[in-house]
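The values are calculated or read from the model by the stated rules, or taken from the named source; none is laboratory data. No experiment lies behind these values; they were computed from the predicted model shown. Reconstructed Cβ throughout: ideal geometry from the backbone, glycine too, with neighbour counts over all protein chains shown.
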Amino acid sequence: MEMEMKIYKHHLLCLVFIVFGAAIGSSCYRNTPAKATFKYVPKSMKHGSLSGPFSGIVVDAGTKKPIPKAVVYACWGYSDGVGVNSPSGYREMLVLTDENGRFSIPEVDRLENGNLEEQEVQGTVLMIPGKHGSGPGKGRLTSFRLIVYKRNYIAYRSDRVFPTGEPRLNFSQHNNKILLEQWSPEMSRTEHVRFIGAVDRLKNFAIWEIQAAKAEMEGRVIEKDDAGKESTLALLDASELFESEDISQILKGDEDLYETIKLDSVPRTQTTDSKHFRAIDKPESYDFAYRVWKISPERLERQYRRLLATYPQTRPVDQVGDRSFEAQSKGILAHVFMDIKTEVLVAVTCGINLCKSKEDLLKATKAIHSRLDRIKTTDDKKDASTILDNIEEGDPLKGTKKPSFLPRLKK
């Protein structure tokens, strides 16, 4: 009996140590930030800290001159739980670069008012985030994002690169030199807003970005003349490059089974247009579509390289125009070409149930190339849409765009 009591006390003591140790371990786990993937300083083997502080300089990628008053937005994310995590809060801070393009972000624990506060809104008492976010609660610091924005420049994100969405590998905690590239007209403002993700958190500095994206989808530009009147540019019209009868005559399909629409993921502007032959009650493997960019020669080459880097399974073939490449993904074939003389870039996609071989797609692509003189402009704005109507995810060959890698933060 005495031996059994000793064994019982021993087991009980072990259990206390296990529970106490687990509690301490869990507490230490919550208080220890996750490991940062970025470096402490450029070209260093030492990892940085998600907690911060952070510092750097923002310069123009072309002129190498510092950019003053660029918006620098920092956001720390917290998660609760071990194994299966759930968001428990966030903290954020927004600063502007000084006259030398430099910025400094303090350590997250130094931010004030990180908890929910009671505020009365239209007669209702609500709990809303304080000055610097909602506070971590009992969560663990698991993520950090930095966004740099300046009007007429491509936004910078510490984790991703625009427009491909590929991971950024050169971000560092300190001595970070951020190169902002100037905006190019062939880029999509709508996609830029998706990429920024937290555009609503950049206060009034980026409201113009949303207005420009909406104007892009309506064929307008946010510019004013001497009288203060907003200008409107004619939309590109490439609808006559491929007709319904070409479905049957060139691709041997049944043209009566198709409806003709625009691609949601390609906003119609003064430099871009699209046409989508969508098979009624059939999967995308029966569809045919093309996208057209009419831009300057230097931007033509740049956009061609972007598509070559973005599309899957690409192979340069140079069979149409001055340069061309093939691509394919999950039942969709693509042929992209550029024609320097007409300053046109065209991306043609076709499902394998309509284009049963690359030769079939090549015939259709050559037909489009032979009709580039049919491209014109029009003032028709019937394709206007709001900025958030056409957010899709998926494969670029299916007329969709990559998702934003940083969801919009809720106020």
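Note on the stretch 60-90: residues that are surrounded by fewer than 19 Cβ atoms within 10 Å (Cβ to Cβ) and of a type in the set (A, V, I, L, M) total 3. Here ARG145, ARG201, ARG189, ARG194 are screened, and the one residue that is more than 21 Å from VAL95 (Cβ to Cβ), touching a residue at least 24 places away in the same chain (Cβ under 8 Å), out of contact with any helix residue (DSSP H, G or I) (no Cβ under 8 Å at 6 or more places or on another chain) and not acidic (Asp, Glu) is ARG194. Here is a check on your reading of the model: is GLU112 over 25 Å from the mean Cα position of the chain (by Cα), modelled with pLDDT of 70 or more and part of a loop (DSSP other than H, G, I, E, B)? Criteria not met by GLU112.
Being at pLDDT below 85 and outside the structural domain of PRO163 (by TED's automatic domain parsing) holds for only one residue in ILE391, ILE368, and it is ILE391. Any residue that is of a type in the set (Asp, Glu) and either over 26 Å from PRO185 (Cβ atoms) or surrounded by fewer than 22 Cβ atoms within 10 Å (Cβ to Cβ) (or both) - is there at least one of those in the stretch 266-280? Taking every residue of the stretch 266-280 in turn, none turns out to be of a type in the set (Asp, Glu) and either over 26 Å from PRO185 (Cβ atoms) or surrounded by fewer than 22 Cβ atoms within 10 Å (Cβ to Cβ) (or both).
In this entry, SER285 passes the filter for residues that are small (Gly, Ala, Ser), in a helix (DSSP H, G or I) and touching a Gly at 6+ places or on another chain (Cβ under 6 Å).
Among strands (runs of 3 or more DSSP E) entirely within the stretch 1-104, having at least 1 residues that are at pLDDT below 90 and basic (Lys, Arg) singles out 86-96. Looking across the stretch 163-187, the residues that are crowded, with 18+ Cβ neighbours inside 10 Å, at pLDDT 90 or above and assigned to a loop (DSSP other than H, G, I, E, B) come down to PHE171, GLN173. In the stretch 203-261, counting only strands (runs of 3 or more DSSP E) that sit wholly within it, the ones holding 2 or more residues that are at pLDDT 75 or above and either more than 24 Å from the chain's Cα centre (by Cα) or under 16 Å from LYS275 (Cα atoms) (or both) span 235-237, 258-261.
Based on what the data block shows, is VAL348 modelled with pLDDT of 90 or more and assigned to a strand (DSSP E or B)? Spelling it out, VAL348 is indeed modelled with pLDDT of 90 or more and assigned to a strand (DSSP E or B).
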